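The values are calculated or read from the model by the stated rules, or taken from the named source; none is laboratory data. It should be emphasised that the depicted structure is a prediction, and the values quoted were computed from it without experimental measurement. Don't worry about glycine lacking a Cβ; one is built from the backbone with ideal geometry, like all the others, and counts go over all protein chains shown.
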Amino acid sequence: MPERDPRRRLLSRHANNPLLSAYDWPYFVNTVFNPGAIRLMSGETLLLCRVEDCTGISHLCAARSDNGIDGWRVDPQPTLMADPERFPEEVWGIEDPRIVWLPERQSYAVTYTCYSERGPGVSLALTEDFRHFERLGNIMPAENKNAVLLPRKIKGRWVLIHRPAPTQGQAHIWMSFSPDLRHWGDHKLVLSARRGAWWDANKIGLSTPLVETSQGWLMFYHGVRVTPAGCLYRLGLALFDLDDPTHCLQRSTKWIMGPETTYERTGDVGDVVFPCGYVIEDDDDTLNIYYGAADTTIALASGSIREMLDWLRDNSTPGNSSDG
C-alpha cells in the first residue's frame, strides 16, 4: 500500500486512483461509481458497481480482481438489471449496492436503492455467486436509501440500517428489525444530522457496511454540507454497541475524508466521495474502502481499523449528539 498522506492520518488514497472508469467497461456506459465490495471465498475482490448508461438509468455490474487493485475482469453484460415488470419500484433503475455475507443464510445479501416515480426505496436480493439472485423486493418504501444489513441477527432479529429521505427537512440514520428479512418494524432513529454549520449538518447517510470490532460496530457515514457552490460530501465515523446497535457510543466531531483530488472534485456530480463497500486485509486491520468519486469513477482509500478507533476515542462526542 502507498505511504499515508501526512494531511490525513486515517485514510490514504491509492496511487492508481481512479481504479475503474467507463473506459474499462466492455459495453458503452456513461459512468461507473458507488460500488459495493466483498472478498469472495476464492480470495478475489468483487465490486458490484453502479453503472449509469446513456439513458440516465442505472444498473449493477460486477468487476473481479485477484488483488483488489488492478487486473479487473468486468462482466460482459449487466450483472443485475432493473426488472420493472415484476418490481415496478425499479422502473427508473437500481443504484448504490451494499454487500454483506450472512453466515446463517450461507449467502450474500445485496441491499440497493430502487428508483421509481415515487422516489428512492430500499430493495434486497440474496445471491451465492453473483450470477443468480433471489430478489426479495422492496423492503423500505420511498423515500429511503443508503441501506445495509448487519451480518448476523441481534437478539433473534435481523437489523437494517437505512436513511429515510424526506423531500424537506433533515435526513437521519435509522435502524429497523425483522424476523425473516421480509417484514420490518420497530423503527428507531440512531444517528441525527447535526444542526448549523457542521460538516454533517442537515443530511447524513450510511456509507459502507458496518465493521464489527471488539469495541463495537464501526460506522462510516457521509455528511452533506450545502454551500453556495453546491453540496460537499464528506466521510465521518460513529461507534455503536455490539449487543444493542441502536445505542451510539461515540460520534466523530471531524470528518476524516473529503473531496480533494481532481477526480473527486470534477465529474458528473463534483465534490463527492461516496463509499459503499470495503474489504479487510489478512492482517484483520487494514481496511480498503472503495468509493465513488464525483459520481464518475471508482477509487480506493486504505487505513487501519485500530487507528480509526483510537482517533475516534479522542475526536468524538458521546452518543447521538445532533448539536455537537
Take the conditions assigned to a loop (DSSP other than H, G, I, E, B) and under 26 Å from Trp101 (Cβ atoms) and apply them to Pro259. Does it pass? no
Could you tell me whether the range 15-33 includes any residue that is of a type outside the set (D, E, K, R) and under 21 Å from Tyr108 (Cα atoms)? yes
Given the range 275-324, what strands (runs of 3 or more DSSP E) lie entirely inside it while holding 2 or more residues that are under 20 Å from the mean Cα position of the chain (by Cα) and at positive phi? none
Single residue of the range 203-218 satisfying the filter (over 14 Å from His172 (Cα atoms) and of a type in the set (A, V, I, L, M)) that is nearest to the chain's Cα centre (by Cα): Leu210
Determine if the range 106-122 includes at least one residue that is part of a loop (DSSP other than H, G, I, E, B), touching a strand residue (DSSP E or B) at 6+ places or on another chain (Cβ under 6 Å) and closer than 27 Å to Ala301 by Cβ. no
Looking at (1) touching a helix residue (DSSP H, G or I) at 6+ places or on another chain (Cβ under 9 Å); (2) in a strand (DSSP E or B), can you tell me which one Glu212 breaks? (1)
When the residues of the range 286-310 are narrowed to those that are out of contact with any helix residue (DSSP H, G or I) (no Cβ under 8 Å at 6 or more places or on another chain), of a type outside the set (Gly, Ala, Ser) and closer than 13 Å to Gly267 by Cα, which ends up surrounded by the fewest Cβ atoms within 10 Å (Cβ to Cβ)? Asp295
Criterion: within 25 Å of Glu117 (Cβ to Cβ) and more than 17 Å from the chain's Cα centre (by Cα) - qualifying residue of Asn30, Asn17: Asn30
Considering only residues that are aliphatic (A, V, I, L, M), at pLDDT 95 or above and closer than 25 Å to Asp53 by Cα, which ones fall in the range 270-284? Val273
